Amino acid sequence: MDNFTFHNPTRIHFGRGQIAAIANEIPADAKVLLLAGGGSIKANGVYDQVIAALGERTVHEHWGVEANPDFDTLLPAVELCRQESVDWVLAVGGGSVLDGAKLICAAVPYAGDPWQILLDNGASVKSALPLGTVLTLPATGSEANGASVISRRAIKEKLHFISPSVYPVFSVLDPATTLSLPERQVANGIGDAFCHVIEQYLTYPAHAAVQDQFAESVLRVLIAEGPKTLADRNDYDARANLVWAATCALNGLVGAGVPQDWATHTIGHEITALHGIDHARTLAIVLPSLLSAQKDTKRAKLLQYAERVWGITTGTEDERVAGAIAQTREFYESIGIPTRFAAYEVAAEVAPQVAQRLAARGLTGIGEHGDLTPERIEAILRDAA
Ligand code: NZQ
Ligand code: ZN
């Protein structure tokens, strides 16, 4: 196991009715920016609960944060915060609203062009406004991590930043608020959380028994509870398990002290930037092909994954590895997420395009061994046609 420092400062309020906890989290004299998306929180009653919990506090609202939050949508909110001396941000919605809020929190005290925060992946962030969140879509883990992914459609970019300054101070996770999600978004959430665990687990053995077995548990829970919650959206218990699994998938525990991959995400973000495909769907396209391409360097972990996650214990090693990759593809397909470009009507040119964009960014060797070159990435994407 590698050395690590683990500190996750986000207080989680989990369960029914927990939106009320906001009243004790945000100081009574705070000036609050409430950040929201396109309106789902008005339709499902979450907004009313949040306003009730905020009581007499001064609240400014900024709506319209879209899926894959856009830099240009967020900038006016940074201005608003500065003008009104806002000193707390409350993000209410899915990962996009939370990620957008993180950029706002970092940008308000930032001297200079906030796009620089994305260009240096957060290295220049020194402070941020305090952030609270009410998460309504289990998927990204943004509710309990220091990461944010921001798109800028005007220049076809999608970049991320990571900073300890933007961990939420608190997050409310009430599974009941997620019951209004359309099936497609529930499936996206399952698929995204699944891939987050895979990126931190399916590399090479690092004598990290706790991290491995925790990762395998989260994967098994997603495989068992995901279909249940898709089949019956009113099954609170299944949804609660999905919500907590998605948080545990990317709150730092699974990935502490172990090698990590993240190539599927790095490639997937380029596909979203170019074609606007939902984040989780890009992962479903890339992951099976990538695992096949990396089956030699990932062999030991693929065999472990085959046995402990999919129960594959017979056949030759090659057959077990192939079986685990096939099960992974089948899992995405079974929750309604196609795993081939053809299903999204994306032409084969995407393969060299993505490879060139990553090369231009200096990403000439990604993955846990730094062995995924632009040429190999192109081959992986051609294989996913
Ligand atoms: O905008 P509204 O009206 O709220 O509708 C949203 C949106 O259209 C809707 N929705 C959310 N909660 C709902 C609901 N509809 C009905 N009932 C509810 N309870 O769902 C749609 C999608 O929301 P979005 O926030 O975009 O989805 P998600 O949570 O999957 O976030 C995706 C973004 O997160 C980034 C992705 O790249 C993408 O930009 N990621 C962030 C990460 C992080 N911060 O750690 C890691 C991830 O790997 C990921 O990259
Ligand atoms: Zn993701």
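At-a-glance table
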quantity	calculated
Relative contact order of the chain, pairs being alpha-carbon contacts under 8 Å that are 6 or more residues apart, as %	15
Trypsin sites (Lys or Arg not before Pro) lying in DSSP loop within segment 116-181, provided at most 15 other Cβ fall within 10 Å	126, 156
Long-range HN-HN contacts of residue 134 with modeled amide H, under 5 Å	91, 92, 93, 172
Segment 289-339 versus segment 366-383: alpha-carbon centroid distance in Å	18
Gained length - residue 361 relative to residue 29, 0.36 nm times residue gap less alpha-carbon distance	115.1 nm
Mean Kyte hydropathy of 0.0 or more with a Cα span along the axis of at least 30 Å, helices from DSSP in the chain	209-231
Cα-based Rg of the chain normalised by 2.2 N^0.38 Å, two decimals	0.96
Debye intensity ratio I(q)/I(0), log10, segment 108-164, q values 0.18 Å⁻¹ (C-alpha model)	-0.71
Peptide ranges 188-195, 341-348 listed from the most packed, as the mean C-beta count within 10 angstrom indicates	188-195, 341-348
Unit charges on C-beta of K, R, D, E only; dipole of segment 57-143, Debye	260
Top positive-direction residue, dipole computed over segment 1-143 with Cβ charges, set 8, 123, 18	18
Relative packing of 309-320, 11-22, 82-93, which averages over residues the other C-beta atoms within 10 Å, highest first	82-93, 11-22, 309-320
Over segment 11-177 - Rg/Rh using Cα atoms and the Kirkwood inverse-distance radius	0.94
For residue 11, residues with placed amide H under 5 Å, excluding near neighbours	170, 171
Antiparallel content of DSSP bridges confined to the chain, in %, to 5	25
Residue-span extension gain [residue 340 to residue 313] - 0.36 nm each, minus C-alpha spacing	6.9 nm
Amide H contacts of residue 61 (H built 1.01 Å from N, under 5 Å, at least 5 apart or other chain)	34
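The numbers here are math on the coordinates, done by the rules we state, and not lab data. These numbers were taken from a predicted model, which means no experiment stands behind them. Cβ coordinates were reconstructed from backbone atoms using ideal geometry, including for glycine residues, and neighbour counts include every protein chain displayed.
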